[in-house]
1. With an 8 Å Cα cut-off and a minimum separation of 6 or more residues, compute the relative contact order for the chain in percent.
2. What is the gain in length, in nm to one decimal, between ARG60 and LYS422 on full extension, counting 0.36 nm per residue of separation less the C-alpha to C-alpha distance?
3. In whole Å, what are the extents of region 139-183 along the principal axes defined by its C-alpha atoms, from largest to smallest?
4. Summing -39500 (n - 2.57) over the DSSP H runs of n ≥ 4 in the chain and dividing by its residue number, what mean residue ellipticity at 222 nm do you reach, to the nearest 500 deg cm²/dmol?
5. Counting DSSP beta bridges in the chain, what percent are antiparallel, to the nearest 5?
6. Could I have the simple spin-label model distance between ASP73 and GLU208, label points 7 Å from Cα toward Cβ, reported in nm to one decimal?
7. Can you run phi through the Karplus equation (6.51, -1.76, 1.60; θ = phi - 60°) for region 105-110 and list ³J(HN,Hα) in whole Hz, with x for Gly and Pro?
8. Against the longest principal axis of the chain, how steep is helix 224-243, in degrees 0 to 90 to the nearest 10, with axes from Cα atoms?
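The values are calculated or read from the model by the stated rules, or taken from the named source; none is laboratory data. As the structure is a computational prediction, the values presented were derived from the model and not from experiment. Here the Cβ positions follow ideal geometry from the backbone for every residue, glycine too, while neighbour counts run over all protein chains shown. Note: areas computed on protein heavy atoms with side chains; ligands, DNA, RNA excluded. Shrake-Rupley method; radii C 1.70, N 1.55, O 1.52, S 1.80 Å.
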Amino acid sequence: MQGLIEQVEAMDPRVLTGRVTSVNGLMIAAQGPKSGFVLGARAWLDTPGGRSPCEVVGFRGETAILMPFAPMDGVGPGAELRLEPQLATVRPSTAWLGRVIDSFGRPLDGQGPLREGARAYLVKGQPPCAHQRARLGERLDLGVRALNAFVPMRRGQRLGIFAGSGVGKSVLMSMLARGSDADVIVIGLVGERGREAREFVEDVLGPEGRRRAVVITETSDAPALARRQAAQLTMTVAEYFRDQGKDVLCLMDSVTRVALAQREIGLAAGEPPTTRGYTPSVFAELPRLLERAGPGPQRSDGGKQGSITGLFTVLVDGDDHNEPVADAVRGILDGHVVMDRAIAERGRFPAIDVLRSISRTAPEVYGDGEADIVRSARAALSDYADMEELIRLGAYARGSNPATDRAIALNDPLQRFLGQGKDEAASIAETFAALSGILGGDGGKS
C-alpha cells in the first residue's frame, strides 16, 4: 500500500508531448518542450501497434535524439511522443524470487503479475561511495572444487569468467547457482539465444536453483537498449536484496553482449569508433555497471550487512583473451577464471584452466595449511604443463627430473579432481580433504 501511495504522490498531472521530426536508422529526432527531454528519460511513441517506449540518448542543438526499445515499423514524421522527464525506476520485492522477467520488470513466465515493493530504485543506479562501503565479507562456498581450491572468493568480491563460445560458461553458471551458499541468486541473461534462455531456466537452473533466484532476460533479437537495460536491471534487483541484508550472488551472462549493445547505441548516436569498433562510451559504461557489485554501504543501524558477489562472463572474441572488452573487464574485477577450449575438447568439465585463473583475495581467505596444499597442487600442474609435449611424444625419460616424475604421477588424479558433474556440489571442506588426499603427505612440502 505504501508503494502505491508513493507512486500516486509522485505522479505529475501535466502531460508533455513532442513530435517526431525525422527517423534515421535506429535514431529518432524529435522536438517538444525542453523540460520533457532529459538525457536518459523515457518517451512513449505512438505506432500502429500501440505505444512503444524510447529513451533520450543525446541532443543535436534543440533536437532530442531518441532510440526505441521496439521496432519502429509504421512510424513517420509528426508521430506523437508522450514524454516522461524522470529517469526510469523499478520497485523490486521478495515476491520476485522464482520469477523470470524482462528488462522492464515485466513477467515472462506466465505466472501472473509481479507484486511491487515499497521503494523505488533507479534502473541506472550508481555504485556506493568507495570509502563508505563495507569491507569484503567471509569466504563464500561456491560448490565447485576448482574454484573453491584455486580461485576462492569472499562475499562481495567480483570475478570474471572468460571463455570462448561453447566452452561451458552456462553450465558453470548453473553449478554456481545451485551449489553456492548465497541467500539469493540474481541472474542476468543478456543477448542469449531464445532457445537457450528457456532451457537455462527450466533445465539447467532447475526447480532447486530457481526457488531462490530472480532471472532477468533479453534475448539476442531484442533492441540494443533493452539488452543494456537487462544488465542494469540485474544490478538493481541485486541491490534491492543487498539492502535487505542478504548475501546475493549476481551472475551475468555476458558482459561482452552488454558491450556490444552499448557499441550499437554509441555508433547510432554518432560516437566515433575506436579500438576494434568499440565506442568510448563502452569503456565508460563497463566500470559503472560492474562497480555496482560488491559490499553495500556500511550500516549504522546494527542490521545485517548485505553484499553482492558478482560473477560476470566474458565471451572472448576468437578465443583472444586480450581483446578490448576482456582486457577492460579484467582490469576492473577482483580476479578472473579462464575456461580453455582445449580442456573442453579433452572432455574435462568445467574446463577451467587453474594455472591462468586467479583470485586477488586468495591469500586472505585460505585456512591453516590450505595455501600450502594449493601451492603444491599448482606446482604439480605447472610442472606437467611445462613438459606436456615431451611426455605425450614419449621423449621424456622417467627419473630425469624428480619434480616432473611427481607431476606425471599426480596429473591424472588432479584432472579427475578438477572435473565435476553439473549436478554435483562440493563444499570447501570436502574440496580440501580430497585435494590433500591426492597430494599425500607432501602437500605442504613440494
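1. 17 percent
2. Values: separation 362, 0.36 × 362 = 130.32 nm, distance 5.19 nm.
Stretched fully, the ARG60-LYS422 segment lengthens by 125.1 nm.
3. Rounded to whole Å, the extents work out to 30, 18, 18 Å.
4. Working: 14 runs with 153 residues, N = 446.
Computed mean residue ellipticity for the chain: -10500 deg cm²/dmol.
5. Once the DSSP bridges in the chain are tallied, antiparallel ones form about 55 percent.
6. Here the answer is 4.4 nm between the modelled labels.
7. In residue order, the calculated couplings are x, 9, x, 10, 9, x Hz.
8. 70 degrees
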